[in-house]
Each structure stands twice: as structure tokens, then as C-alpha cells.
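Rule-based calculations on the coordinates, nothing more; no lab input. Only a predicted model underlies this, so the values are computations on that prediction, with no experimental measurement involved. A quick note on method: Cβ atoms are made from the backbone with ideal geometry, for glycine too, and the neighbour counts reach across all protein chains shown.
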Amino acid sequence: MIRAKVYVTLKKGVLDPQGETVRSALETLGFGEVRDVRIGKFMVISLNDVPRDEARQRVEEMCKKLLANPVIEEYRFEVEEG
Amino acid sequence: MRFGIIVFPGSNCELDCRWVLENVLGQQTELVWHKETALGDYDCLILPGGFAHGDYLRTGAIARFSPVMAAVERHARRGGLVLGICNGFQVLCEAGLLPGALLRNTTMHFLCRQVHIRVETAATPFTNACTRGQVLRIPINHNEGRYYADEATVARLTANDQVVFRYVTAGGEPTEAANPNGSLQNIAGICNEGRNVLGLMPHPERAAEALLGSADGRLLFASVLRSARTASATPR
């Protein structure tokens, strides 16, 4: 089986109020060194056995078509066997 | 006029739209399930509010691939009227029929209250019964209503007179305090370049009868009826 780990995050410059609220909570808890928190999405996608290159290409298409919205988000992913 | 109201799993404002169109304005409506691939002959399509497909992944992200959306897109590309309200606006943005995206409110709140919006242009089929600068009182009901687009897109929207509504004070000023969700430049609604597709976060169907606190929202539907009358009076 092939497993893809996809990370989707808000683009730089797009305000993340959820991240900012968590940052502020961390500060309250004594983690004053925290400068910024950005919250994103982590997806694990299991695929049928296909060559890795093909899997990579398919996951790229999935990201472009559905998993991330290029207006506000960017993505990266890793493909591994197992 | 015949209105088609698109219903996704998770839509929840379709009956409010139907009520206003049929009982307040005497028009015909049909509810169109999202699995339909061919549309009847509708003058205007409405994508109502709600949580289409649970708003999973992103608001509108899954709904945008519902089978009916190809037909909605064809209707829009032909110049047919499409009105996206709240979640419907989010779906239209995801589908690329309107530019930009709607993000989580900056305020940490799910917002459900009356707001004031200013009509920025009467030159659309959805606002031609209003006057430019007119302030409408219409409720919002959303968690992801913060309009965002890159600078170039916002500049283009402004230059093309595509910003249709802005959040304002009761006196009509687009102040920061009057901006409920952190939208760029207080944007509450926009139209496409062809001006036949409109998306807005406020719910005009919830403000169409004085009994409910405001009848200002009726102006949007009255505009659509008016533009249909003008179109049928003008030989094409």
C-alpha cells in the first residue's frame, strides 16, 4: 500500500484567527517565546499499489483539484510505502 | 418567472427562498436536487444557504463538484442569472464562478444578527430596484464569511464595479466596527464580470417581510423580476 501525507496550510499573508487565538492561549500558559501559530490540515491518503511516481502525480492532481484552494492555501505532501 | 433552487445535502435555506418567491412575490419555484445533471428552463438559479456536504474540507469545496454544478455553470456562461446566498456564495467562489474565497470570521464568533449593507452599484440584475448608496438591513448567519482575494483581484473588482455590497454602519459608513467578519474592504457581496452571477453573505430571503424585522431583502428579488421584465420588453 502507498500512503500519502498531505499538508494544507493557509498562504502567507492570509490571516489565521484560529492560529492567533491558540498563540494567545499559549502565551497565557507561559509560552511567551511563541511568535506565531498557523493551523492547517493534515490528511493521510492510502492508495492502491501503484508506482511511486504515478502516486505522486495523482496526489498532486488531488491537491490541485480538491484538497487545497489556491486562492487561500498552499500544500505539500510526502508519498511513502507501507 | 421560474426560479430553480439548488438543494445540496446540508442546504437549509431553500424553503425560506421558496417561501419568499412564491408567497411574498407570487413566482414559480422548483427545488432542484444536486444530483440533477440537466436543468429545466429557469430564469434564475438560487444556491441557498446551509452547510452543503457538511462544509467538510472547506465551505463549498465538495458541493462545487456536485453533478448539478456543470449545469449551473452552463446556465451562468450563457448569461443566465445565478444568485448565491451565504453558503451558495461560498460554493460559487469554490466553483470559480466568482473570484476570491470566504474564510473563517476574524471575530471567533459564529455570527447571526442583523447588519447594514450598502448597495455599491445598482447596475446589476440583482440591485436595479435599489439606488447606489442605499443602506439595507439584512441578517447574516455564518462562521466563514470573511471575503478574501489577492490585491490584484480586489483592485479589478473595484475597477469593474463588481463590489455590489459592503458592510456599513446604519448611517452608511464602511467602518472597521461595521465589518462583522474581517472581510477585505468590508465586502459583503460581489458579482462576476458579466454581472449575471451574484454572491453575498447576508440572507435577503430572511428580510423580505416587515413582520420579520426588515423587508429590505425583497429589493434583491424585486430587482430580478424587474430585470426579467426589461429583458422581455427589449427585443434581443
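Here the Karplus relation 6.51 cos²θ - 1.76 cosθ + 1.60, evaluated at θ = phi - 60°, turns the backbone of region B:127-142 into coupling constants of 10, 5, 8, 9, 10, 4, x, 5, 9, 10, 10, 9, x, 10, 7, 7 Hz, with x for every Gly and Pro. Along the charge dipole of chain A, Cβ charges K/R +1 and D/E -1, which of A:17, A:2, A:55 sits furthest on the positive end? Comparing the listed Cα positions along the dipole, A:17 ranks first.
Determine the shape class of the protein assembly as shown: with a ≥ b ≥ c the square roots of the Cα gyration tensor eigenvalues, call it rounded for a/c under 1.5, and otherwise prolate if a/b is greater than b/c, oblate otherwise. Walk me through the numbers on the way to the answer.
Details: a/c = 2.13, a/b = 1.39, b/c = 1.53.
Oblate is the answer for the protein assembly as shown, as a/c is 1.5 or above yet b/c matches or exceeds a/b.
Rounded to the nearest 10 degrees, the inclination of helix A:52-62 to the longest alpha-carbon principal axis of chain A is 60 degrees. DSSP finds beta bridges in the protein assembly as shown, and of those with both partners inside it, around 70 percent are antiparallel.
Just to confirm the filter: which chymotrypsin sites (Phe, Trp or Tyr not before Pro) across chain A are DSSP coil and have at most 15 other Cβ within 10 angstrom of their Cβ? Spell out each step's value before the answer.
Details: sites: A:7, A:31, A:42, A:75, A:77; in loops: A:31.
The qualifying sites are A:31.
One compactness figure for region A:1-43 is 1.47, namely its Cα radius of gyration divided by 2.2 N^0.38 Å. Relative to the longest principal axis of the Cα atoms of chain A, helix A:17-28 runs at roughly 50 degrees.
Only loop residues by DSSP count here, and only those with at most 13 other Cβ atoms within 10 Å; note down the GluC sites (Glu not before Pro) in region B:90-178 that meet that. Show your work: numbers first, answer last.
Values: sites: B:94, B:120, B:144, B:151, B:176; in loops: B:120, B:144, B:176.
Listed in order of number, the matching sites are B:176.
Can you classify region B:99-236 as rounded, prolate or oblate using the Cα gyration tensor, where a ≥ b ≥ c are the square roots of its eigenvalues, rounded means a/c under 1.5, and otherwise it's prolate if a/b beats b/c and oblate if not? Judged from the Cα gyration tensor, region B:99-236 comes out oblate (a/c at least 1.5, b/c at or above a/b).
Looking at region A:24-82, the trypsin sites (Lys or Arg not before Pro) that sit in a DSSP loop and have at most 16 other Cβ atoms within 10 Å of their own Cβ are A:35, A:38. With label points built 7 Å along Cα→Cβ from the Cα atoms of residue A:61 and residue B:108, find their separation and express it in nm. Reported label-point gap for residue A:61 and residue B:108 is 4.4 nm. Across region B:10-24, computed HN-Hα scalar couplings (Karplus, 6.51 cos²θ - 1.76 cosθ + 1.60, θ = phi - 60°) run x, 5, 9, 10, 5, 6, 5, 4, 4, 4, 5, 5, 7, 7, 8 Hz from first to last residue, x flagging Gly and Pro. Springs between Cα atoms under 10 Å define the GNM used for chain B, and in it the highest mean-square fluctuation of B:119, B:24, B:72 occurs at B:24.
Note down the magnitude of the dipole of region A:1-56 about its Cα centre, charges +1 on Lys and Arg C-beta and -1 on Asp and Glu C-beta and zero elsewhere, to the nearest 20 debye. Spell out each step's value before the answer.
On the way: 10 positive and 8 negative charges, 27 e Å.
Its charge dipole is roughly 140 debye.
What's the magnitude of the charge dipole for chain B around its Cα centre, counting Lys and Arg as +1 and Asp and Glu as -1 at the beta-carbon? Answer in Debye, nearest 20.
Using only the charged Cβ atoms, the result is roughly 300 debye.
Spin-label pair residue A:34-residue B:211: with each label point 7 Å from Cα along the Cα-Cβ axis, the two points sit 5.0 nm from one another.
Based on C-alpha pairs under 8 angstrom that are at least 6 apart in sequence, chain A has a relative contact order of 53 percent. Considering only B:216, B:55, B:41, the Gaussian network model of chain B with Cα springs below 10 Å gives its largest mean-square fluctuation to B:41. Using the Cβ-Cβ distance between residue B:12 and residue A:53 with R0 set to 30 Å, the FRET efficiency works out to roughly 0.10. Take each residue in B:90-98, count the other chain C-beta atoms within 10 Å of its C-beta, and the mean is 1.
Its Cα centre serving as origin, region B:1-94 has a Cβ charge dipole (Lys and Arg +1, Asp and Glu -1) of approximately 260 debye. With θ taken as phi - 60° and the Karplus curve 6.51 cos²θ - 1.76 cosθ + 1.60 applied, the whole-hertz 3J(HN,Hα) list for region B:110-126 is 6, 9, 9, 6, 6, 10, 9, 10, 9, 6, 8, 8, 9, 8, 9, x, 9 Hz, x standing for glycine and proline. On full extension, the segment bounded by residue A:7 and residue A:44 gains 12.4 nm, given 0.36 nm per residue less the C-alpha separation. Of all segments of chain B bounded by chymotrypsin sites (Phe, Trp or Tyr not before Pro) found in a DSSP loop with no more than 14 other C-beta atoms within 10 Å, the longest spans B:111-236.
The helix-only estimate of mean residue ellipticity at 222 nm for chain B, built from DSSP H runs of length n ≥ 4 each weighted as -39500 (n - 2.57), is -6000 deg cm²/dmol after division by the residue total.
For region B:66-156, what does the alpha-carbon gyration tensor say about shape, rounded, prolate or oblate, given a ≥ b ≥ c as the root eigenvalues, a/c under 1.5 as rounded, and a/b over b/c as prolate? Note, shape of region B:66-156 comes out oblate. Dividing the helix sum by the residues of chain A, where each DSSP H run of 4 or more adds -39500 (n - 2.57), gives a mean residue ellipticity at 222 nm of -8500 deg cm²/dmol.
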